[in-house]
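Student: There's a structure below that I have some questions on.
The values are calculated or read from the model by the stated rules, or taken from the named source; none is laboratory data. Only a predicted model underlies this, so the values are computations on that prediction, with no experimental measurement involved. All Cβ positions, even for glycine, are placed from backbone atoms using ideal geometry, and neighbour counts span all protein chains on display.
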Amino acid sequence: MKLKNILAAALALLMTTGCNAQNKQEVKSSNNKKMNAIVIFFSHAGDNYSVGNIEVGNTKIVADYISEITGADQFEIVTHKYDGMAYMPLIDLAKKEAAAGELPPYEGQAPDLTKYDTVFIGGPVWWGTYPQVMFTLFRDINLDGKTVIPFTTHEGSGLASCVGDVKKAFPKANVTKGFDIYGHEVRGGKAKVEKWLKSL
Ligand SMILES: Cc1cc2nc3c(=O)[nH]c(=O)nc-3n(C[C@H](O)[C@H](O)[C@H](O)COP(=O)(O)O)c2cc1C
């Protein structure tokens with residue numbers, strides 16, 4: 001399977017040379033194909049369930065592991081709508097947004113994805129799926145023909161509806177089995193993420 005070869009090559013290269021998001025290597029698979037991957041993610045820093053008031057969101061930590069391990073670029077979906085909100089009001093607001101199918105705007109422009117063949121998509125589970133602002137970006141990008149790898153952080157729901165919702169948003173993409181990890185485990189969870197990447 002091509003993706004397996006690509007990620008195996010990325011991991012092998014890391015072990016011999018090391019790489020990170022700031023200093024990416026040109027990674028090639030065993031069939032000499034460049035790995036062109038990007039991690040698209042949303043993550044909410046601040047007051048949250050189980051982890052308290054965090055400076056870096058749980059999903060961002062996982063996104064950073066993926067980039068560090070594979071050399072993938074990143075696009076962070078940013079909104080200031082939830083800045084400074086306490087957990088309970090945020091829960092209420094997110095529930096209303098999801099029920100109404102709102103599409104809150106994100107900062108900046110949608111990324112140009114033409115050069116990528118592999119797209120990791122990650123976010124927290126909010127009320128059983130990804131936060132609505134992620135669906136705003138989904139509306140604006142085209143992943144036809146690309147390999148799409150969903151992941152979540154959560155506090156009990158696992159992948160919830162995220163993989164199915166990504167498939168609905170991108171019916172012409174090759175959406176793989178997803179990966180999930182508890183939000184309160186991510187700070188000690190790099191080995192788990194690495195093991196998952198090796199299994200792809
Ligand atoms: C508005 C909101 C809704 C949430 N809904 C769920 C949920 O339905 N299921 C779940 O397991 N965790 C839920 N959580 C917990 C988050 O998914 C979890 O803390 C996640 O790791 C946060 O990631 P982040 O720091 O990257 O935003 C919710 C958290 C918030 C703030």
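Student: For the range 143-160, enumerate the residues that are within 16 Å of the ligand (Cβ to nearest atom) and either under 12 Å from residue 59 (Cα atoms) or touching a helix residue (DSSP H, G or I) at 6+ places or on another chain (Cβ under 9 Å) (or both).
Tutor: To start, the set of residues in the range 143-160 that are within 16 Å of the ligand (Cβ to nearest atom) comprises 150-160.
Once the filter is applied, which keeps residues that are within 16 Å of the ligand (Cβ to nearest atom) and either under 12 Å from residue 59 (Cα atoms) or touching a helix residue (DSSP H, G or I) at 6+ places or on another chain (Cβ under 9 Å) (or both), the range 143-160 yields 150, 151, 152, 153, 154, 155.
Student: So, one more: Looking only at residues that are touching a Phe, Trp or Tyr at 6+ places or on another chain (Cβ under 8 Å) and outside any strand (DSSP E or B) in the range 143-153, which one is surrounded by the fewest Cβ atoms within 10 Å (Cβ to Cβ)? Full working, then the answer.
Tutor: Applying the first criterion (touching a Phe, Trp or Tyr at 6+ places or on another chain (Cβ under 8 Å)) to the range 143-153 yields 143-144, 146, 148-153.
Filter again for outside any strand (DSSP E or B), leaving 143-144, 146.
Working: 143: 21, 144: 9, 146: 21.
Top of the filtered list is 144.
Student: Kindly provide the set of residues from the range 41-57 that are among the polar types (S, T, N, Q), in a loop (DSSP other than H, G, I, E, B) and either more than 8 Å from the ligand (Cβ to nearest atom) or within 20 Å of residue 148 (Cα to Cα) (or both), ordered by number.
Tutor: Residue satisfying the conditions is 43 alone.
Student: Picking from 137, 103, 159, which residue would you name as being part of a loop (DSSP other than H, G, I, E, B), closer than 29 Å to residue 198 by Cβ and at pLDDT 95 or above?
Tutor: After ruling out the rest, the residue left standing is 159.
Student: Scan the range 58-94 residue by residue and report those that are more than 9 Å from the ligand (Cβ to nearest atom), surrounded by fewer than 19 Cβ atoms within 10 Å (Cβ to Cβ) and aliphatic (A, V, I, L, M).
Tutor: Result: 78, 86, 88.
Student: For the range 106-134, which residues satisfy the criterion of being part of a loop (DSSP other than H, G, I, E, B), within 16 Å of the ligand (Cβ to nearest atom) and aliphatic (A, V, I, L, M)?
Tutor: The answer is 125, and nothing else.
Student: Within the range 96-103, identify whether any single residue is farther than 17 Å from residue 135 by Cβ and surrounded by fewer than 14 Cβ atoms within 10 Å (Cβ to Cβ), and answer yes or no.
Tutor: Within the range 96-103, not a single residue is farther than 17 Å from residue 135 by Cβ and surrounded by fewer than 14 Cβ atoms within 10 Å (Cβ to Cβ).
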